[in-house]
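Q: Mind looking over this structure? Questions follow.
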Amino acid sequence: MFHDPDFTPFTPNERPSWRSTKRNFLENWPPSAYREDYFTLEGVWPLVRRTHYLTDPEMIEEMLITRTESFTRDFITVDSLSSTINRDALFFVEGGDWKWQRRALAPAFRHESLLALTPTFVNCAKAQADAWRCAPQAAPVDVMNAMSNVTFAVIERAVLGVTGAFDGGKFVAAMQESFAGMSWQRIFTLLRLPTWLPFPGSSKINRDMRYLYDETARLLAARRASGGQTQAIIDRLLAAKDPESGRSMTDAELIANLYGFLVAGHETSAVALGWSLWLLAKDQASQARLRDEARAIAGGADISGDTIEKLQFTKQVIQESMRLFPPAAAIGRQPREDMMLGPHKISKNEPVYAALWALHRHEKLWDAPNAFDPDRFAPEKAKARHRCAYMPFGAGPRICIGMGFAMLEMTAILATLVRDFRFTPVEGHRLELAPDFTTRPKGGLPLIIEKI
Ligand code: HEM
């Protein structure tokens, strides 16, 4: 079990503040969030609607699994996220449209299809390794940024079936800048103001968003013209049909989904990998154990579809990293009607969140909750846990469709990189959390990387 003060990167506020809403909304979750089953930010700010937060696995199970039909996505997530991902994407659609679209995409996420992607995961990691071999080794490297480039190369391949279809560097940079608008959109939504209001940097973000959607539309048109019929996600989107109405996706739905997969499919995995490398840099013993495992299982060969599932400790490191730093800090819903959830009365227009950041560090659920201990995820221990005590990918019918993809991808990339490089912290670096779309740190995560 390894502990470092950086693992608790902020002090919770006793009372919420607007400053924290903009800088790091997690500061507004009170100290009791880590001890009690439920909290609310009710009535603290005039004008702002009551929001409920769950940190009890039973109540979360009720919301996401047993009574899932009684909820939709919440308006705060929809309004603040749809400035980045269009509302026609799978993430937002509800009811019958969600059902057939999700079913049409499911084959792309079957285990065998994903195992076949292992060489893609490894080759994208090796391209990053080659770049690091050529760089001066004493200079700090931002591993968050590096992992965004690796996971974007992976998702480009999985979504489009090819790489180099467009300028990935420019696309990723524009995407990341666009996330900065989300904290403003959240404030506007909380104050019931229109989300199109200007804010510092908004005209640049609007230009970026236009570029991103125009590029996505161009990719779609090019694919249609070439008539491709591969296993790639783009071809499954083009072929998808609602079995009831027989309708295919409209252009708006296709573009929204294509862009949605490019964003959701790379940003979350990049953040989880960045935190994993940073945690391993702090805990050299776990880093050596992971390296030994990769060498013992794959030797000098590439990680393959046959060896990847034997990398048990690598997987546990990723799971523990997503416990301490879940890429999505919360999962939101809103009841269709006024209801009771456990002992709590919830009105139909009030958002309810599974508060993952606090759930994963809850005193009742975890020993030494702020310490890094990958052995918590040894199979027998993980099995004994409530299914909603740990849920970086969500739970229930709307669980992340990319969960299996992301776990294999991150395992292959982490094992490939840690086998050949040593990661150490940069002395004097102070961590500051700045969550927007995901739980990113402000200014990236610099580490020293040496070839071994
Ligand atoms: C570490 C990596 C990832 C994490 C932590 C993550 C987390 C999540 C979470 C928390 C949700 C919302 C679940 C809910 O509302 O109940 C979600 C939904 C989704 N994710 Fe992921 N995700 C990851 C990777 C991926 C990847 C690789 C893809 C695609 C290749 C993907 C595509 C999606 C989509 C399309 C949805 C919406 C699903 C629906 O509403 O039916 N995600 N993800």
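The values are calculated or read from the model by the stated rules, or taken from the named source; none is laboratory data. These numbers were taken from a predicted model, which means no experiment stands behind them. All Cβ positions, even for glycine, are placed from backbone atoms using ideal geometry, and neighbour counts span all protein chains on display. Side chains are part of the model used for accessible areas, which takes the heavy atoms of the whole protein and leaves out ligands, DNA and RNA. Shrake-Rupley method; radii C 1.70, N 1.55, O 1.52, S 1.80 Å.
Q: Output the residue which, of all residues in the stretch 251-272 that are near the ligand (Cβ under 8 Å from one of its atoms) and of a type in the set (A, V, I, L, M, F, W, C), is most open to solvent (accessible area, probe 1.4 Å).
A: Ala264
Q: For a quick check of your reading: which helices (runs of 4 or more DSSP H) sit entirely within the stretch 1-87 and have at least 3 residues that are open to solvent by 40 Å² or more (accessible area, probe 1.4 Å)?
A: Answer list for the stretch 1-87: 18-23.
Q: Right, here's the next one. What number of residues within the stretch 88-103 satisfy the criterion of being more than 18 Å from the chain's Cα centre (by Cα) and open to solvent by 30 Å² or more (accessible area, probe 1.4 Å)? Walk me through how you get there before you give the answer.
A: First, the residues of the stretch 88-103 that are more than 18 Å from the chain's Cα centre (by Cα): 88, 93-103.
If we keep only those that are open to solvent by 30 Å² or more (accessible area, probe 1.4 Å) as well, we get 88, 94-99, 102-103.
So the answer is 9.
Q: It is to be established whether one or more residues within the stretch 384-399 are within 24 Å of Ala129 (Cβ to Cβ), open to solvent by 40 Å² or more (accessible area, probe 1.4 Å) and out of contact with any helix residue (DSSP H, G or I) (no Cβ under 6 Å at 6 or more places or on another chain).
A: No, every residue in the stretch 384-399 fails to be within 24 Å of Ala129 (Cβ to Cβ), open to solvent by 40 Å² or more (accessible area, probe 1.4 Å) and out of contact with any helix residue (DSSP H, G or I) (no Cβ under 6 Å at 6 or more places or on another chain).
Q: Can you tell me which residues in the stretch 304-316 are in a helix (DSSP H, G or I) and not hydrophobic (A, V, I, L, M, F, W, C)?
A: Looking only at the stretch 304-316, we keep the residues that are in a helix (DSSP H, G or I), and these are 308-310, 312-316.
If the condition is that a residue be in a helix (DSSP H, G or I) and not hydrophobic (A, V, I, L, M, F, W, C), then Glu309, Lys310, Gln312, Thr314, Lys315, Gln316 are the ones that fit.
Q: In this structure, is Ser32 in contact (Cβ under 8 Å) with a residue 12 or more places away in the chain, of a type in the set (Gly, Ala, Ser) and over 25 Å from Leu445 (Cα atoms)?
A: Values: in contact (Cβ under 8 Å) with a residue 12 or more places away in the chain: no; of a type in the set (Gly, Ala, Ser): yes; over 25 Å from Leu445 (Cα atoms): yes.
So Ser32 fails the test.
Q: Can I ask one more? Looking at the stretch 417-439 only, could you name the residues that are away from the ligand (no atom under 13 Å from the Cβ), open to solvent by 10 Å² or more (accessible area, probe 1.4 Å) and closer than 27 Å to Leu114 by Cβ?
A: Arg419, Asp420
Q: In this structure, is Gly246 within 16 Å of the ligand (Cβ to nearest atom), open to solvent by less than 70 Å² (accessible area, probe 1.4 Å) and not hydroxyl-bearing (Ser, Thr, Tyr)?
A: So Gly246 does not fit the description; no.
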